[in-house]
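Step one of this worksheet: look at the structure below.
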Amino acid sequence: MADEKNTLVELKGLFEEFKQTNDQREAEIKKYGEALASTVEKLEKMNARMDELETKLNRPAQGETKGVDQEVEKKKAFNLYLRKGVEAFTPEQKALVTYDDTLGGYLAPSEYVNEIIKGIVEFSPIRTVASVRQTSRRDVELPKKTGSLSAVWVAETGTRSETTGMTYGLEKIPVHEMSAIVDISFADLEDSEFNMEAEISAECAEQFGVAEGKAFVEGNSVGKPQGILTNGSIESTASGDADEITADGLLDIFYDLKSAYANNAVWLLNRSTLKAIRKLKDGNGNYLWQPNIGLGTPPTICERPYIECVDMPDIAANAYPAVLGDFKRGYKIIDRIAISITRDNLTQASSGKCRFTARKRVGGQVVLAEAIRKLKIATS
């Protein structure tokens, strides 16, 4: 706790120094036509340090997972399969693992799956703000409102006609399969000190996370989730400049989003865009980006928190480098509960390696377009 307080104090002080230095940069541009190299370099270093401090403050606490005895035995049996194959099973151990007829391979124990999912979040940040649901089916059907109640005026003794009732349809979100391949040397598998579980979990988490993170942003719904930027129903707000992001554009998109969603909205952008936004001020000279104001309080843009997403595009003409929305209501992620892993000791045998293929299914789709809004780099 003391370390967090010290980090927060350093971040606040650094931001004050950053504002002064950026003001100096702007003054130099007015006076000389460009900023001095020393000033630019100083800003770059401050930016990098603020990123480090933000990362430190936002780092999640590591919890401990305790399983019942049966779960421990399942995990031991599954690890035995990964190290030595099904041939090493005793009848009792074989009864503890489940073969997956649909994906092939054996289903990873729940603790194993949880570790992979926890690692995926690091590479798929939209998971932290979207609505996530688990299923055991190939797709999920959700109710979708297609009409609203409409009250009518009537006289005291007049006839009460029927109102237009609330109507619902169904929206289907399919889950799509993706696979990750991990090659591990036989020498490592034979080494009892080698943490095989951590190696496979970390590698699968990164591969799955990178793939789904990209799809949640720009997926085309063909064999993969629907991306936020590819949904045609999400409206956009112009930045007010043909090539740059502007303070007015950020304020416009914030107020263009309905209040019901703006109150819980989160920005989605990449690090390059964040760097540009940090230098923007409103008409009163106040910076739009503000650092943490207290423990557990994230930094904000226009008083709303943000998450960095590497798959969001850079600032460029006609690009959409920032999205603002209530993703809990606007975007749904569907996880197929099971993850299966197949052990193949033949394909890479000549290279002295055993190949593991992990399979996972996930779906993603915009379910309420009006809860999300895109910022377009354009004059109008």
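The values are calculated or read from the model by the stated rules, or taken from the named source; none is laboratory data. Note that this is a predicted model, so its numbers are computed, not measured. Note: ideal-geometry Cβ built from the backbone for every residue, glycine included; neighbour counts use all protein chains shown.
A few remarks follow.
To keep it simple, each residue is scored yes or no on (1) farther than 25 Å from residue 108 by Cα; (2) in a loop (DSSP other than H, G, I, E, B).
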{"position": "172", "(1), (2)": "yes, no"}
{"position": "200", "(1), (2)": "no, no"}
{"position": "205", "(1), (2)": "no, no"}
{"position": "234", "(1), (2)": "yes, yes"}
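One line per residue, one yes/no per condition, for (1) at pLDDT 90 or above; (2) of a type in the set (Gly, Ala, Ser):
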| residue | (1), (2) |
| --- | --- |
| 91 | no, no |
| 99 | no, no |
| 105 | no, yes |
| 112 | no, no |
| 128 | yes, no |
| 135 | no, no |
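- Any chance residue 347 is in contact with a strand residue (DSSP E or B) (Cβ under 9 Å, 6 or more places away or on another chain), assigned to a loop (DSSP other than H, G, I, E, B) and under 28 Å from residue 242 (Cβ atoms): no
- Restricting region 268-302 to residues that are in a loop (DSSP other than H, G, I, E, B) and within 15 Å of residue 323 (Cα to Cα) leaves a set whose member that is farthest from the chain's Cα centre (by Cα) is 302.
- Here residue 300 clears all of (1) in contact (Cβ under 8 Å) with a residue 12 or more places away in the chain; (2) closer than 25 Å to residue 214 by Cα except the condition numbered (1).
- Taking first residues from region 274-287 that are within 13 Å of residue 245 (Cα to Cα) and partners that are charged (D, E, K, R) and not in a helix (DSSP H, G or I), the Cβ contacts under 8 Å between residues at least 6 apart in sequence or on separate chains come to 274/308; 276/244.
- Residue in region 55-71 that is charged (D, E, K, R) and at pLDDT 85 or above present: no
- Residue in region 283-327 that is surrounded by the fewest Cβ atoms within 10 Å (Cβ to Cβ), counting only those that are within 14 Å of residue 251 (Cβ to Cβ) and of a type in the set (A, V, I, L, M, F, W, C): 288
- Subset of region 214-238 that is of a type in the set (Gly, Ala, Ser), in contact with a strand residue (DSSP E or B) (Cβ under 6 Å, 6 or more places away or on another chain) and at pLDDT 95 or above - its residue that is nearest to residue 365 (Cα to Cα): 219
- Hey, residue 352 under 30 Å from residue 190 (Cα atoms), touching a residue at least 24 places away in the same chain (Cβ under 8 Å) and either within 16 Å of the chain's Cα centre (by Cα) or exposed (fewer than 14 other Cβ atoms within 10 Å of the Cβ) (or both) or not: yes
- Summed over region 305-344, the residues that are under 30 Å from residue 54 (Cβ atoms), over 15 Å from the mean Cα position of the chain (by Cα) and part of a strand (DSSP E or B) give a count of 0.
- The combined condition, being touching a residue at least 24 places away in the same chain (Cβ under 8 Å) and at positive phi, is not fulfilled by residue 364.
- Any chance residue 253 is farther than 30 Å from residue 82 by Cβ, out of contact with any helix residue (DSSP H, G or I) (no Cβ under 8 Å at 6 or more places or on another chain) and surrounded by 15 or more Cβ atoms within 10 Å (Cβ to Cβ): yes
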